[in-house]
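Taking it in order: structure first as C-alpha cells, then the write-up.
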Amino acid sequence: MTKNDNLRTPEKGSAGKNAKSLDLAELVHALGGRSIVLVGIMGCGKSTVGKRLAQRLGLDFIDADTEIERAANMTVAEIFAEHGEPYFRSGEERVIARLLREGPQVLATGGGAFMSEATRSEIGTHGLSIWLKVDFDTVMARVRRRSTRPLLQNPDPEGTMRKLMADREPVYGKAALTVVSKDVPHEAVVDQIVVTLADYLFDSEDTTASQTSVT
Ligand code: S3P
C-alpha cells in the first residue's frame, strides 16, 4: 500500500480532500464550460450516478441514449432491430457532438460511444471524460435486471459481456479520469467523483490520466 492509498476512502482523494468540504461552485467554475462525460460499460452506473452527480453540482443531467431515442422517435432496441448497429452508431456520434456544445452538464454516454475516435475527440475538446470502472460480476448483476440492451439479447450474454469488456477497457482507459467502484451506494461513487475532479482541476490538470478507487 502506498502512502496515498491510505487516503483513498470513498470521500477522500489522493490529496486528502473531503467531498463534503469542497467548494462545488468553484469546481464547476474550473470546468470552464466543459461537460463532465461519463463513459464505461453497460451497467457501470453512468445514468444513476450521473443524475446524482449533476444534482450535487447543480448541473443538468443528460442521457445520450435518451436523446438519441428522442431524435429518432424510437427506442435504442428498435433502432438496432430496424436499422442495425452502424446506423445507431452514426446517430450516436451526431447526437453526442450536438449535446457537447450545450454544456456544461453531466452527460452519460452509451457503453459503445467512447469507442468512436470522432466522439473521443469531441469529448476531449468540449468535455472532461470519466471512466466508471466496475467489475464484471457487478455489471452482470445489474444488466440481468433489464432486457432493454440489444447487444445482450443473445444466448450468451455473459460471454458477450466478457468480450465487450476485454475489447473496450483499453479504450475506456483513455478517459481523462478513472473512478474504480465496486457495488457501493451511488452517493459514495459521487463523493469519489467529486474528489477526483477536485484533485484534477485544482491540483494537477495536465495530460496525465488520473485514477482513484472506491471499494
Ligand atoms: C451499448 C450500450 C447502451 C446503448 C446501446 C449500446 C453498448 O447504453 O447505447 O444498447 O454498445 O455498450 P448503456 O451503456 O447506457 O446501457
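Annotations
- Applying 1/(1 + (r/R0)^6) with r as the Cβ-Cβ distance of Arg142 and Ala118 and R0 = 30 angstrom yields a FRET efficiency of 0.60.
- When the chain is treated as a Gaussian network with alpha carbon springs shorter than 10 Å, the biggest mean-square fluctuation among Ile68, Ile130, Ile36 belongs to Ile68.
- Relative contact order (%) - criterion: Cα under 8 Å, at least six apart; region: the chain: 32
- Using 0.36 nm per residue and subtracting the Cα-Cα separation, the extra length available between Ala77 and Asn154 on full extension is 26.4 nm.
- Local electrostatic count at Ile193 - Lys and Arg +1, Asp and Glu -1, tallied over other residues with Cβ under 10 Å: +1
- The residues packed around Ser129, meaning those with a beta-carbon under 12 Å from its beta-carbon, carry a net charge of +3 if Lys and Arg are +1 and Asp and Glu are -1.
- Computed about the Cα centre, the dipole magnitude for the range 23-144 is approximately 240 debye when only Lys and Arg (+1) and Asp and Glu (-1) carry charge, each at its Cβ.
- Estimated FRET transfer efficiency (Arg89, Lys182; beta-carbon r; R0 35 Å; 0.05): 0.70
- Of the DSSP H helices in the chain, those that are both long (alpha-carbon extent of 15 Å or more along the helix axis) and hydrophobic (Kyte-Doolittle mean at least 0.0) are 186-198.
- Within the listed set Ala25, Ala108, Ala175, the residue fluctuating most in the Gaussian network model of the chain (springs between alpha-carbon atoms under 10 angstrom) is Ala25.
- Cα-based Lys proximity count in the chain, under 13 Å, for pairs eight or more positions apart or on separate chains: 4
Values in this text are rule-based calculations from the coordinates and carry no lab data. Note that the structure is a prediction, hence the values are computed from the model and not measured. Positions of Cβ are backbone-derived with ideal geometry, glycine not excepted, and every protein chain shown enters the neighbour counts.
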